[in-house]
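Right, one structure below, let's go through it.
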C-alpha cells in the first residue's frame, strides 16, 4: 500500500483556473487550499472538492508555499499552482512510483512542467523543459528561494518523472506585462536588499544574453511567433529588472518641491 498524498494549492482570485486544477488532483487522499482572501468565486468552487480551506493574508510566494505545506497532513505533499494541471499520465506515474518498494529511499520528485501560451504548447526555449520539484516527503522538504521565485529543496534522493504538469500561462500579452512588472519590482527590491547594484553592462549585456540563450541556443525560434514573443519579453523583463535596481538606488529619495521643473514658488500678495 502506498502512503497518503496531500495535494496543496495556494490560490487568490483564480475562478478561471481553479476547477481545472482541482479536477486534476481529486484522486489525492487530501486536498488543502490556502486562499489569500479571494473576492471572486474561487472559494465557492474549492468547497465542491474539499473542506480543508484556509483563508490567510498573502505571505509572498515562499511564505504561502510553506503555509500550504504546513496545513497538509500526509507524508507526501504535492504542491501545485492554481493555473496548473496534473495530466492523467503524470497522475498514473506518481501512483506507480509511490507504490513501488524500490522507490522507498526517494525523498522528492521533479515534475516536467509544460506551458501553454497563445493556444499552443511551448516545447523549446527557456520555458521547456521546465523541471519543478513539487512532490516530496513532508518531513524532508522545505520551500525557500528568493521572491518572487520559490524553490523547494529536500534532504535525500530526488528523481525526475517524465510525464507533464500542464501550466496555463497568461491570457494575453497585457496580463504577461502586468505580471512582469510586478515580478521585476519584487526581484529588484530583493537584489537591492542584498546589496547588489546595477552596472551599465547589466543593462546592455544581460538582456541580450537572455534573448540569445532562449531564442537561439535553446531553439525558442522553433515555437514560432509565440517563441519570439517569449524571448523578447525575457529580454525586456531582464532590462526592466536592472533598470528598477538602478532606480531604487539613485531615485528613491523624494525630490524637494522647489526643485521640481516647471514649478514656481508662490509669492506673497
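Of all residues in the stretch 1-21, which are assigned to a helix (DSSP H, G or I) and touching a helix residue (DSSP H, G or I) at 6+ places or on another chain (Cβ under 7 Å)?
The answer is 18, 19.
Taking the conditions exactly as written (closer than 16 Å to residue 120 by Cα, assigned to a helix (DSSP H, G or I), without any contact (Cβ under 8 Å) to a residue 60 or more places away in the chain and not assigned by TED's automatic domain parsing to the domain that holds residue 121), does residue 245 satisfy them or not?
So residue 245 does not fit the description; no.
Looking at 214, 220, can you tell me which residue is under 24 Å from residue 146 (Cβ atoms), touching a helix residue (DSSP H, G or I) at 6+ places or on another chain (Cβ under 9 Å) and either outside the structural domain of residue 115 (by TED's automatic domain parsing) or free of Cβ contacts under 8 Å to residues at least 12 places away in the same chain (or both)? Outline the logic, then answer.
Working: 220 fails: under 24 Å from residue 146 (Cβ atoms).
Criteria check complete, one pass: 214.
Hey, among 67, 111, 133, 79, which residue is under 30 Å from residue 39 (Cβ atoms) and not in a helix (DSSP H, G or I)?
So the residue among 67, 111, 133, 79 that is under 30 Å from residue 39 (Cβ atoms) and not in a helix (DSSP H, G or I) is 79.
Before we move on, is residue 240 modelled with pLDDT of 95 or more and either surrounded by fewer than 16 Cβ atoms within 10 Å (Cβ to Cβ) or assigned by TED's automatic domain parsing to the domain that holds residue 22 (or both)?
No.
Just to verify a result, which residue in the stretch 164-210, among those that are outside any helix (DSSP H, G or I) and over 19 Å from the mean Cα position of the chain (by Cα), is nearest to residue 16 (Cα to Cα)?
Filtering first and then ranking leaves 194.
Suppose we filter the stretch 143-152 for residues that are in contact with a strand residue (DSSP E or B) (Cβ under 7 Å, 6 or more places away or on another chain) and surrounded by 15 or more Cβ atoms within 10 Å (Cβ to Cβ); how many remain?
Residues that pass the stated criteria total 3.
Can you confirm whether the stretch 76-85 contains a residue that is at pLDDT 95 or above, surrounded by 15 or more Cβ atoms within 10 Å (Cβ to Cβ) and farther than 20 Å from residue 10 by Cβ?
In the first step, residues of the stretch 76-85 are kept if they are at pLDDT 95 or above; the result is 76-85.
Filter once more, keeping what is surrounded by 15 or more Cβ atoms within 10 Å (Cβ to Cβ): 76-85.
Keeping just the survivors that are farther than 20 Å from residue 10 by Cβ gives none.
Taking every residue of the stretch 76-85 in turn, none turns out to be at pLDDT 95 or above, surrounded by 15 or more Cβ atoms within 10 Å (Cβ to Cβ) and farther than 20 Å from residue 10 by Cβ.
Among the numbered conditions (1) surrounded by fewer than 17 Cβ atoms within 10 Å (Cβ to Cβ); (2) closer than 16 Å to residue 160 by Cβ, tell me where residue 101 comes up short.
Of (1) surrounded by fewer than 17 Cβ atoms within 10 Å (Cβ to Cβ); (2) closer than 16 Å to residue 160 by Cβ, only one is false for residue 101: (2).
When the stretch 31-60 is examined, which residues are found to be surrounded by 19 or more Cβ atoms within 10 Å (Cβ to Cβ) and outside any loop (DSSP other than H, G, I, E, B)?
Passing the criteria: 31, 32, 33, 34, 35, 42, 45, 46.
The values are calculated or read from the model by the stated rules, or taken from the named source; none is laboratory data. Keep in mind that what you see is a predicted model, and the values were worked out from it rather than measured. Here the Cβ is made from the backbone with ideal geometry for all residues, glycine too, and neighbour counts use every protein chain on show.
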